[in-house]
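What follows draws every value from the coordinates through simple rules; no lab data is involved. Please read all numbers here as calculations on a predicted model, not as lab measurements. Don't worry about glycine lacking a Cβ; one is built from the backbone with ideal geometry, like all the others, and counts go over all protein chains shown.
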Amino acid sequence: MNKSVKRSLVTFTAAASLAVTGFGISTLADNANTADASTIVTENVPSVVRANSDIKLYTAADNNAKEVGRSLASGTDWAVVGAAKDDAGNMWYAVANNEWVKGADVTTDPSATQAATQAPTASSVTEGLINTAKSFIGTPYVWGGKTPSGFDCSGFTSYVYSQVTGKNIGSYTVAQESAGTKESVQAASAGDLLFWGNSGSTYHVGIYLGNNQYIAAPQPGQSVKVSNISGYFMPSFAVHVN
């Protein structure tokens, strides 16, 4: 089983400490307010949990809470930013602000904790980009959309990269062209950006998945999806984000 932490919401520092960016969370106490009426737990809280299966996220530590709208993939490891017990005494763990998983659905694994406190490798970052991007399959296209409630093409790539790497690659296609090293489509690696149009005036962007596939928010009326690269709609160039 892959022990690397494949999550989109935690940035790991070289000092091997956990920190969450993009959600304003830095300590377990900071996340306490999201547990509503549940009892906050601060002792013996694991640093990382592993999803036992594809599991749902909830807005609070409560079986009656609303579902967030996305799930954690089976076997993936997620840094814990809060813990609480519901009225029935069941343990819950927060993996982001207002995003909770049932303790019964995850495993606390010392080896996963060790992996989480290490700087991510290039392969784990690539896996994180791919897994995070795929977690938004079906999200509707929204012109100017930059959040999971709706994306346009550049809003989607910007959000995924920000969540996985903590990098701001720009909010529109032309800005994202400068996020790394330009390369040919044939030289692209999984996780690289693919652009359509001439440099300086690109009109579409997606994330290369490898095996001649990419994922993108296509156009109005469609949703985030995986597509095959073809001569009918061939990317113009790629960028490896530095």
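Taking θ = phi - 60°, what integer Hz values does the Karplus form 6.51 cos²θ - 1.76 cosθ + 1.60 yield along the stretch 87-102, in sequence order, with x for Gly and Pro?
Karplus-based 3J(HN,Hα) across the stretch 87-102 equals 4, 8, x, 7, 7, 10, 10, 8, 10, 5, 5, 6, 9, 10, 10, 6 Hz.
By the gyration tensor of its Cα atoms, with a ≥ b ≥ c the square roots of the eigenvalues, what is the shape of the stretch 154-211: rounded for a/c under 1.5, prolate for a/b over b/c, or oblate?
Taking the square roots of the gyration eigenvalues as a ≥ b ≥ c, the stretch 154-211 is oblate.
Which of the peptides 45-55, 153-163, 231-241 is most tightly packed, and how do the rest follow, going by the mean number of other Cβ atoms within 10 Å of each residue?
153-163, 45-55, 231-241
Which of the three applies to the stretch 119-242, rounded, prolate or oblate, going by the alpha-carbon gyration tensor with a ≥ b ≥ c and a/c under 1.5 meaning rounded?
rounded
Please sort 85-98, 175-188 by packing, taking for each peptide the average over its residues of neighbouring beta carbons within 10 angstrom, highest first. The partial results should precede the final answer.
Numbers: 85-98: 18.6, 175-188: 14.9.
By packing density, highest mean first, the sequence is 85-98, 175-188.
Could you go through the stretch 187-204 in sequence order and give the Karplus-derived ³J(HN,Hα) for each residue, using 6.51 cos²θ - 1.76 cosθ + 1.60 with θ = phi - 60°, rounded to whole Hz, and x for Gly and Pro?
Ordered by residue, 3J(HN,Hα) equals 8, 5, 10, 3, x, 6, 8, 10, 10, 10, x, 6, 4, x, 8, 5, 10, 7 Hz.
Give the long-range amide H neighbours of residue 192: residues separated by 5 or more places, or on another chain, with amide H under 5 Å away, using H modelled in the peptide plane at 1.01 Å from N.
Amide H to amide H, under 5 Å and 5 or more residues apart or across chains, residue 192 pairs with 208.
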